[in-house]
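The values are calculated or read from the model by the stated rules, or taken from the named source; none is laboratory data. If you're wondering where the values come from, they're calculated on a predicted model, not measured in any experiment. Neighbour counts run over all protein chains shown; Cβ positions are idealised from the backbone, glycine included. The accessibility values were calculated without ligands, DNA or RNA, using every heavy atom of the protein model including side chains. Shrake-Rupley method; radii C 1.70, N 1.55, O 1.52, S 1.80 Å.
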Amino acid sequence: MTPTRKSLPLEDGDLDALKRLRDPKSPERAAMARLAGLSVTDTASDASLLHAVFSIGRQALREEANADGYAQLAAQQDKEDEAFHAALRARGARRSGVSE
């Protein structure tokens, strides 16, 4: 896929955060590098820094959506599902010679 450039309005707080991301000694920069899995050079463009922040946010959204999905699945389990899984665990324990 070809990269596309989008306009992004930034407020004062966003610009302050971007300034901290440029600072090699800031905790924000260290956290960004750790979470994005990359090292940031002193010559990194604003666009590349913003892309890294966006990627971190996208990953956090995906993880949160997955957690919501897992919670919904767990809430849908009924007594019959629980009995089925308990029987599977017991069967596996009997096959391996482990008693419950």
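Assorted remarks:
- For the criterion of being in contact with a Leu (Cβ under 8 Å, 6 or more places away or on another chain), modelled with pLDDT under 95 and open to solvent by less than 60 Å² (accessible area, probe 1.4 Å), residue 49 passes.
- Scanning segment 3-53 for residues that are of a type outside the set (Asp, Glu) and part of a loop (DSSP other than H, G, I, E, B) yields a total of 19.
- Of residues in segment 52-87 being of a type in the set (A, V, I, L, M, F, W, C) and at pLDDT 90 or above, the one least open to solvent (accessible area, probe 1.4 Å): 52
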